[in-house]
Amino acid sequence: MVEPKGVIFEEREELMVSPTGGNPTLRIAHFLKPSVNSIDGLPSPFLSVKPTISELKNLPLKVKFKGWQRPHEKWRMWVANLHSKYQSISKKAGIFEAIMGSKYSISRHQDLVLGLAEKWCPKTNTFIFLWGEATVTLEDMMVLGGYSVLVQLWACEKFPTFRPTPISITHDEPRPARWHKLKQVSIENVRLAIDSAEENFQWRPYVIAANNNWLFPKFYGDKEQWVSVVDSLDKELESFAQCLRVCELVGLHCIQKYLPHRVAMQFGIDQDLPGHVAGYSKSPVIAWSNYNSSIGDEKLYIPPRLFEPDVTTRYFEWWKQSMYAQKDAVQHFVRRPRNSKRVPRVYSGKMENYNIFVPPSSSPTCHEVDMKDSVKETNLLGTLSEKKLAIDANPLTVSLCQSASHSTTDDGAAKNDLQMIPMTCRR
């Protein structure tokens, strides 16, 4: 029997285990497609061991966060004046939440943003953590106001360690208002906090009410649901279905893969080995048409909002083996003979029993790092008090998600441009 095109879900009996480990349980589980049942031929979520932070720190860097502007008072007044008149139009256009969210000031946590950038893998458009894979999903963008780049807001929701105590908001305020003008939490070692967040990471923070009057959308029900797709889907449920389907997202001059089947637990759905997804469409028209195509399932599965999903035992072993392999690759990289052309390391010290897995260089860019001799060196990891990285027996090898382009200035001198941070792309 040929499976209908656009099928999202698969239901079957599997041996399941908590992502943190424990005793396996045989039960009926639900998965996002495509998935595979064997690690044979399945690539590891491998991260590159290209230039390290300690090597790059030898060069003067200035990090620019373009687009991170504090809302001007005149902008707030403009939004307030036009709110009642154009509210229905902005909602229809899908920009209402983004406009309302733009009134609030979110203090930048630079160390957190850069710490997460180290974990970004442009091949999968996901963060590769020691304990699992996660990303900014369409659900995140829908709940947090539709911003194209919201890594810090995402981290505040997902990582309690980095979260200031949220302020109380009214039922008509957007969720980002909870962080308005709050001072960011000071973390001495951001990298270590991220790597040790396994037990506390909140896969589904939005199922918890933001205030006493919080109205949950229909896809955050208390009980499991199977909703018929044959009949016309409710708009909320249709939006949730779009969040679950593998597709390509069309941006400004770029097309990016969207792979929710790799981070199914963020939707309250069990995780199996992620199947391969073909390359990019060359045409934005084709990519958009595929994104907007009908759902192939007869019924849409809605998990209980407080359900804690598991992973298959084969996924658990695959991830564990992949992380061990990454650790071996990092150690091999730092022990090999040094190339005279490589930038020398400048920090040394020791952090016992601690290693980092390194993400690869990326071509999609949002923020820029300009390198100029006249600019003072900027601390890229941890807080300003974290001056030393482990470079001895068990070195910390970390890499920004970046691409380095080399050109020359008018006087013939070499110029390096480092571009970093994924989430949206620019060409």
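The base-10 log of I(q)/I(0) for segment 274-323, evaluated at q = 0.26, 0.27, 0.31 Å⁻¹, reads -0.99, -1.01, -1.14 [Debye formula, identical scatterers on Cα atoms, solvent excluded].
When Ile128, Ile187 are compared by accessible area of protein heavy atoms, the largest-first order is Ile187, Ile128, using a 1.4 Å probe.
The values are calculated or read from the model by the stated rules, or taken from the named source; none is laboratory data. Values in this document were obtained by computation on a predicted structure and should not be read as measured data. To get the accessible areas, we keep the full protein, side chains included, count just its heavy atoms, and leave off ligands, DNA and RNA. Shrake-Rupley method; radii C 1.70, N 1.55, O 1.52, S 1.80 Å.
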